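Structure, as structure tokens:
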């Protein structure tokens, strides 16, 4: 209940505070220029798929392709610790900005996770990244990779979902009614969150990252500013909230998808301060071959709070590049 109360305190205070001015620097440039990261071989590009211009980061290595999908409150920048390590080990890695987020175009519609999965599927084909891929998704990206795997099961080698419940899959109803998921309901209200948060994207995201995390060092000022600038772009807030407004349609789609359990290896990664130990049981409702790991010292933002633990789990799970 404390998180719920704090959320409304923040929203009330936001109405009384002045706007935050955000510049238009691209988060992709920040990723590629991040000091100390081994980013050799990673490039950024744009491609039109299903009528939407997608921005993506790509490094071509061996025949095993890993697709990394971020969620709400972040962009492809969230993979700044994980992507270089996968590249260094010889994987081909694709990390796009999802529909409406980052530097990807922001259409008015199409935020059902199955629709976005179709975008990513077409992007993989357009970039000629192989007949099968290893999917990794966090938050909304986790919902998307499930929809991708459910629609194209023979073209997915492995599936990794990080700290997000799947709409309509038990215990979804219990989770969405919890005070802890207050934002599921707030973000889904038409127009209101945009009105309250516009001009204050940085403040809102800083508060949100802290509230949903455990490791206070995961989001420094530079990181929060990169995300704040990204979500301050025209149309970005609305696009982000449309992910939540699409949940009822995602629930219906997942009812159909879950009638046939996935057979490829599935890894669930959760933060001890996030979904915790229930996560493996949750994923067993949709897949036969599930393993799970709970990351200590992490809340919801596991790839940024504890990237070394995520890398260890992935390297123990992904097919070898040898």
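Spin-label model, residue 131/residue 320: points 7 Å from Cα along the beta carbon direction are separated by 2.2 nm. Compactness check for the chain: Cα Rg over 2.2 N^0.38 Å is 0.92. Packing order of peptides 281-289, 41-49, 79-87, highest average first: 79-87, 281-289, 41-49 (average count of other Cβ atoms within 10 Å over each peptide's residues). Protection proxy ranking for 173-186, 234-247, using the average of other Cβ atoms within 10 Å per residue and placing the highest first: 234-247, 173-186.
If I stretch the segment between residue 289 and residue 152 completely, what's the gain in nm (0.36 nm per residue apart, minus their alpha carbon distance), one decimal?
47.7 nm is the gain from fully extending residue 289 to residue 152.
Remark: the residue 221-residue 88 segment gains 45.1 nm on full extension, using 0.36 nm per residue and subtracting the alpha carbon distance. Secondary-structure-derived ellipticity at 222 nm for the chain, considering helices only, amounts to -11500 deg cm²/dmol, per-run term -39500 (n - 2.57) for DSSP H runs with n ≥ 4. Normalised by the number of residues in the stretch 2-315, the mean separation of alpha-carbon contacts (under 8 Å, six or more apart) gives a relative contact order of 20 percent.
For residue 181, put the label point 7 Å out on the Cα→Cβ axis and report which residues of the stretch 71-101 keep their amide N under 19 Å from it. Residues 71-74 fall inside that zone.
So how do 154, 75 line up by other beta-carbon neighbours within 10 Å, fewest first?
The order, fewest Cβ neighbours first, is 154, 75.
Which FRET efficiency value, to the nearest 0.05, is calculated for residue 281 and residue 60 with the Förster distance at 25 angstrom and r the Cβ-Cβ distance? That pair, residue 281 with residue 60, gives E of 0.10. Springs between Cα atoms under 10 Å define the GNM used for the chain, and in it the highest mean-square fluctuation of 157, 256, 293 occurs at 256.
Where a number appears in this text, it was derived from the coordinates with a stated rule and is not lab data. Since the model is a prediction, treat every value here as computed from it, not as a measurement. Virtual Cβ from ideal backbone geometry, glycine too; neighbours counted across all protein chains shown.
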